[in-house]
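See structure below.
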Amino acid sequence: MLSAFWIVLKRDLLLALRRRNEVFTVLFFFIVVISLFPLGVGVEEKILTKIAPGIVWIAALLASTLALDRLFSSDFEDGTLEQLLLTPHSLSVMVFAKIVAHWLLTGLPLVLIAPLVGLLYQIPVDSIAVMMLVLLLGTPVLSMIGAIGAALTLGLRGGGVLLSFLVLPLYIPVLVYGAGAISASMAQGVSIQPYLLLLSAFMILSLIFAPWATAAALKISIE
Amino acid sequence: MTLQVNNLQCIRGDRELFSGLSFALQQKQLLMLEGANGSGKTTLLRTLCGLYLQEQGDILWDGVSIRKLDDQYRQELLYLGHYNAIKMDLTALENLRINTLLGGYNPGDNALMQALDAIGLFGFEDYPTRQLSQGQKRRVALARLLVSKQKLWILDEPFVALDVAAVELLQNIIAAHVDAGGMAILTTHQEVPLTTGAVKRLRLGEKQGVLADA
Amino acid sequence: MKINWFKYAAPMNFYSLAGKLIPFFWIAAIAFTLLGLYWGFFKTADVLNDQKQYYRIIYVHVASAWMAMWLYAVMVFWAALGLIFNTRLSYMMASATAITGANMTLIALITGAIWGKTSWGTWWDWDPKLTTFLILLFIYMGYLALQSAIDDTRRSDKASALLALVGLAIVPVIYFAVNCPDPNECASLHQESSLKRVEANILIGMLVTTLGFWMYSFAVILMRVRNIILDRERKTSWVSKLKEINQ
């Protein structure tokens, strides 16, 4: 069971290594969205610092859904997904491996680039650390929930837009507490622990249920 | 080992593809599936794999439903569909290695290289499959057959895109598998010359039914 | 007496049963809705707290809001039943329920906005309740969009059913997040239910109107299911023998 996890994880990482541009596209999309906001709402420092937490998260949500489209579709198009369903391994485990690979390639880079956002929006150093931490807790949830949507919309016309429409509302809890934690860290004397606990709870719950639901959705979609 | 199909009915959309379909396949038997385009050949193969859910009827492997056996049945099954199921960014060897590993066994790189040589890809093992021709890509997919441990092969149009030499090679590979106690189901018009095994024929569409053994 | 419930899981039997029930649901729907609104408009106080006559929109607002939530539960029930027993009728019920649920959510939002305009002076306020209903609308729309994007009936039934179940798991979390964006301040989330503060008289009006809306939902859902049955079974012999088809 574990071996199936490693085989799929290694395969997806190897594939990404051969097509590095896809990873960078998502990252640059994130940076572009982040840089557009000051141009739209004005460059006043107070406003920027105030809206930064929300912007970081909305950009992360958008970048994450953008990347989701490719999570299963390339395997679907060349028939390898069908073969995964026919291997004598648990589909949930292999799906989990694919989601982990996807997060390593699209979620983790967002966490690592976060300090740059902090500089652009004049966020204090302590809050940048909090931002990285909540992104680390929250982006896996985005990948997990998003995978269900990606599996459901597999191979549909206009699947990408439909996928965003389906999953973005489901991201709201992560958005609310992810952005809330960063704002709280900038306010004086507010504990961010409850935010972190809630985000961790979301992560654990999504780790338990999402691979299973995604596997069920894939079986439906591939019929 | 037996594959037993009882009273199978498949519906796609609101069109009934076939119903009342029954047949059995034993070891050392090859089933040739015939029928016009749209008669449901591919759907039947996918149903036999458990990818598609039949409307009615049972598919039994050694007397147990394949849905119940689940991964135990898939352990015995090798399916090759219209798609080659290979990654264009990986080399022939990497593709074959991943496919066999996921199939649940590890023959080692030497055996894999031998299989690729035998299927006519000598010297192409380390090229990304993107750079290979259609026929060569098909060969990468077919190389799995040479290292397979699975008893039941289900092959959908396996001879498509192959040149004359490769067709003959594949005919021999399938024949050897069946003669050695394996089972195979394929949709094709190519004959497969068996030495000890038996060929069964099943026709879908009009005049559906098992034809006399050849 | 033992009723064979599975008999009515067959679309053919259900079609005729639904046809017989629909008129009764319509009568009940009209009667209860009129009664509830009459009670609400003429038998309750003219002023609620500091709000004048306009507060009376709550009879429609609350009734549609309750139905919007209840119908989501009903939809998930049918979707789950479909996934477990693989009965075609369950999926048809789920998809018929979703449209009415979405409509009820829309009515709740519009009446909420009108009420907001009269009492707060703005059409929209990011009040937790209104926000939750906006998101509920998104989720209903997502369900319907997924269903209509998939051509194959079997896949669209199952995929949208699964989405409904995923929604059921996440909607309460969304509700919590919207109501309590700052977890430091809502350790005691159990805010007093607004129901307890409502006068019995007004509550009667709301409950009776809701009952009317419920009966209306039964009637339109059954009508819609009959249409879906006819559409999906149009090639079967029992449909071609129906009186209404041969007219």
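The values are calculated or read from the model by the stated rules, or taken from the named source; none is laboratory data. Because the structure is a prediction, the values reported are computed rather than measured. Because the Cβ atoms are built from the backbone with ideal geometry, glycine has one as well, and the counts that use them run over all protein chains shown. Heads up: the accessible areas ignore ligands, DNA and RNA and are worked out on the full protein's heavy atoms, side chains in. Shrake-Rupley method; radii C 1.70, N 1.55, O 1.52, S 1.80 Å.
Shape verdict for the protein assembly as shown, please, from the Cα gyration tensor: rounded (a/c under 1.5), prolate (a/b greater than b/c) or oblate.
Values: a/c = 3.03, a/b = 1.39, b/c = 2.19.
Here the protein assembly as shown falls in the oblate category.
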Positive dipole terminus of the protein assembly as shown, leading residue within B:ASN99, C:ALA29, A:VAL161 (C-beta point charges): C:ALA29
Region C:18-81 versus region B:93-166: alpha-carbon centroid distance in Å: 65
Quick check for me: using +1 on Lys/Arg Cβ and -1 on Asp/Glu Cβ, what's the dipole size of chain B about its Cα centre, in debye to the nearest 20? 240
Dipole of the protein assembly as shown, Cα-centred, from +1 at each Lys and Arg C-beta and -1 at each Asp and Glu C-beta, to the nearest 20 debye? 1500
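Let me spell out the model: positive unit charges on the Cβ of Lys and Arg, negative unit charges on the Cβ of Asp and Glu, origin at the Cα centre of region A:2-222. What dipole size does that give, in debye rounded to 20?
Numbers: 11 positive and 10 negative charges, 37 e Å.
Dipole of region A:2-222, to the nearest 20 debye: 180 debye.
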Students often forget the sequence filter, so: which lysines lie under 18 Å Cα-Cα from B:LYS68 once same-chain residues fewer than 8 apart are removed? A:LYS219
With a 1.4 Å probe on protein heavy atoms only, work out how much accessible surface A and C bury together, total over both chains, in Å² to the nearest 100. 2400
Using the Cα centre of region B:85-150 as origin and beta-carbon charges of +1 (Lys, Arg) and -1 (Asp, Glu), tell me which of B:GLN114, B:ALA85, B:PRO128 is placed farthest towards the positive end of the dipole. B:ALA85
So what's the gap between the Cα centers of region C:206-247 and region B:22-54, to the nearest angstrom? 39
In whole percent, and with a 1.4 Å probe on the protein chains, what portion of the accessible area of chain B is carbon and sulfur? 48
Treating cross-link reach as a plain straight distance, find the aspartates and glutamates whose alpha-carbon is under 15 Å from the alpha-carbon of A:LYS98, omitting any fewer than eight places away in the same chain. A:ASP12, A:ASP69, A:ASP75, A:GLU82
For the ranges A:19-28, A:143-152, C:235-244, what's the packing order if you count other beta-carbon atoms within 10 Å of each residue, average per peptide, and put the highest first? A:143-152, A:19-28, C:235-244
Sort B:58-65, A:6-13 for me by packing, meaning the mean count of neighbouring Cβ atoms within 10 Å per residue, highest on top. A:6-13, B:58-65
With a 1.4 Å probe and all protein chains left in place, how much accessible area per residue does region A:2-222 have, in Å²? 40
Could you give the angle, 0 to 90 degrees to the nearest 10, between helix C:128-149's Cα long axis and the longest principal axis of the Cα atoms of chain C? 20
For C:LYS52, which lysines qualify as cross-link partners when the Cα separation must be under 29 Å and same-chain residues fewer than eight apart are set aside? C:LYS43, C:LYS117, C:LYS129, C:LYS196
Other protein chain Cβ atoms within 10 Å, averaged over every residue that makes up C:150-162: 5
Sparse-neighbourhood loop sites, trypsin sites (Lys or Arg not before Pro) in region B:110-214 - DSSP loop, at most 11 other Cβ within 10 angstrom: B:LYS207
Taking the alpha carbon gyration tensor of region B:85-150, what are the square roots of 5 times its eigenvalues, largest first, to the nearest whole Å? 17, 12, 10
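Would you tell me the mean number of C-beta atoms belonging to other protein chains that fall within 10 Å of each C-beta in B:44-51, as a whole number?
Average neighbour count from other chains, rounded to a whole number: 2.
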Calculated from DSSP H runs of 4 or more alone, at -39500 (n - 2.57) each and per residue, what is the 222 nm mean residue ellipticity of chain B, nearest 500? -9500 deg cm²/dmol
What does the C-alpha gyration tensor say about the overall shape of region A:2-222? Classify as rounded when a/c is under 1.5, otherwise prolate if a/b is larger than b/c, or oblate. prolate
Of B:175-186, A:58-69, ordering from highest average Cβ density within 10 Å down gives A:58-69, B:175-186
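Per-residue mean of other chain beta-carbon atoms within 10 angstrom of the beta-carbon, peptide C:166-179?
The shielding value for this peptide is 5.
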